[in-house]
Amino acid sequence: MQAIVLHVHAVDAEPVLDRVLPLVPAGVYDRSLGPLVELVVAGVVDRADLAGAAGDALVRVSERELPDDPAQLVAQFVDPPVVAGRFVIRPPSAPAPADPRLEDIVIDRGSAFGTGLHPTTQRCLELLLSLEPGGSFADLGCGTGVLAIGAARLGWKPVVAVDYDERSVEATARNAELNGVAVEARRVDLIEEAPPAAQTIVANVPARVHAAVRAGFAETPGR
Amino acid sequence: MIVSGVSPREADAVVAAYGELGLAEGGRLVESDWAAVLLAAPEVRLHGGATSARTAARPQPAAAGPPESLPSMLPGQLETRLPDGGLALSSARELPTGARVAVLLAQGLFRLDLRHLEDTLKISIRNLAGTAIYSLPDAGQPATILTTEDVAIERPVATNARLCLRIGSREANIVLSALSGPDAGRARVTAQAIVGP
């Protein structure tokens, strides 16, 4: 799809958006380019109207073809998150980080939950860094397997990842292979079934699932 | 053990329940009304850094908008003046992945922007009031929320969020509902706001 691209000074970006956003029901893609901000407007919008709305803040205006694939759009406009200065979580379409000190986690989301953008995923990874890696590890409610893959990268072994949704299990297995780590992914309904035993466990699940997990542990002393 | 997927308030109860199994809290991180808590047996040695309780910086109210004349309504937005002098606003939008979309505009007060990023819906309140806007504590934080906890099942993902803002002496209650097919790359959202007189 064809898009109009406005380059404005970073300091002017929000005031420009105040005038541009009401004109564009399909929204604006924005990206920082240091001192400038790029505002990309897709859909049927008059170029002169946009340039007029930007006013004196406009540095230049151009046109560009945008990809139709949502994954490519995200890759163009959303920087992969760096978590706790240690992990980069990126889609396969994004380039690998240049810094060798960063653990590079590649996630092909498919239809499962977990791009690494959500705060719970990021904070769980951050807390993992507080623990001494080693021994067995279980990821309860694994989604796309971000946390299981992160744990395997840090040195936990063996790693098991469970989810009640079959597509999440498949996504985790696929992503473990993509990242070259060993993760056993399997389907477990934590409401109905006992959680797998492990020395270290991460459970990024709703409160009602925590209640079931806790009950499962209580019924099996020694877990 | 690390537990997450819960709000800070829920986390207290979850931590207490696991505490009955001999696990004690070793650290807590809070961001955007979500908590992640590290639980460990007393003999487990923890590294420094993230083990102390810490709350991620909450978004500050955005700077007030420019004084110049701005559009008073969004295309397709419905606006009704209420008998008490308040306003009722309503809007429905389709959110392309990654784009920032203006969903509600209360002239001279605030604009509600949404950005749909795969499994996350980011909510921004743009301050157009020239005075601070506060998110009232019982209504959650207008920041990042999960579109669903059930993204992986065979139906559209959904979220319902409520925000309560205080803008000077006025109050705005916002209700937001979003639906997103897991593979569709787009979310549909409806938003309503009642702005007090």
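The values are calculated or read from the model by the stated rules, or taken from the named source; none is laboratory data. All figures in this text were calculated on a predicted structure; none of them were measured in a lab. So basically every Cβ, Gly included, is an ideal-geometry build from the backbone, and we count neighbours across all protein chains shown.
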Here's a check for you: in the stretch B:1-16, which residue that is buried (at least 24 other Cβ atoms within 10 Å of the Cβ) and not aliphatic (A, V, I, L, M) is farthest from the chain's Cα centre (by Cα)? B:Ser4
Is it the case, given these coordinates, that B:Ala63 is modelled with pLDDT under 80, assigned by TED's automatic domain parsing to the domain that holds B:Arg9 and in contact with a Gly (Cβ under 7 Å, 6 or more places away or on another chain)? no
Within the stretch B:17-38, restricting to residues that are charged (D, E, K, R) and within 8 Å of chain A (Cβ to nearest Cβ), the one that is nearest to the chain's Cα centre (by Cα) is B:Glu31
Which condition from (1) buried (at least 24 other Cβ atoms within 10 Å of the Cβ); (2) within 25 Å of A:Ile191 (Cα to Cα) is the one that A:Ser136 breaks? (1)
Pairs please, first residue from the stretch B:1-18 and in the same structural domain as B:Glu31 (by TED's automatic domain parsing), second anywhere and buried (at least 17 other Cβ atoms within 10 Å of the Cβ) and among the basic types (Lys, Arg), Cβ atoms under 9 Å, 6+ apart in sequence or on different chains. B:Ile2/A:Arg123; B:Ser4/A:Arg123; B:Pro8/B:Arg28; B:Ala11/B:Arg28; B:Val14/A:Arg214; B:Val15/B:Arg28; B:Ala17/A:Arg214; B:Tyr18/A:Arg214
Taking the residues in the stretch A:8-35 that are outside any helix (DSSP H, G or I) and either among the acidic types (Asp, Glu) or surrounded by 17 or more Cβ atoms within 10 Å (Cβ to Cβ) (or both) as candidates, determine which candidate is farthest from the other protein chains (Cβ to nearest Cβ). A:Val8
Picking from A:Arg174, A:Arg186, A:Arg123, the residue that is touching a residue at least 40 places away in the same chain (Cβ under 8 Å) and either outside any helix (DSSP H, G or I) or not β-branched (Val, Ile, Thr) (or both) would be A:Arg174
Against the definition (in contact with a Phe, Trp or Tyr (Cβ under 6 Å, 6 or more places away or on another chain), surrounded by 14 or more Cβ atoms within 10 Å (Cβ to Cβ) and of a type in the set (A, V, I, L, M, F, W, C)), how does A:Val45 come out, yes or no? no
Might you let me know whether the stretch A:191-208 holds any residue that is touching a residue at least 40 places away in the same chain (Cβ under 8 Å) and more than 11 Å from chain B (Cβ to nearest Cβ)? yes
Based on this model, can you work out whether A:Ala182 counts as aliphatic (A, V, I, L, M) and surrounded by 15 or more Cβ atoms within 10 Å (Cβ to Cβ)? no
Could you grab me the full set of residues in the stretch B:106-125 that are modelled with pLDDT of 85 or more and within 9 Å of another protein chain (Cβ to nearest Cβ)? B:Arg111, B:Asp113, B:Leu114
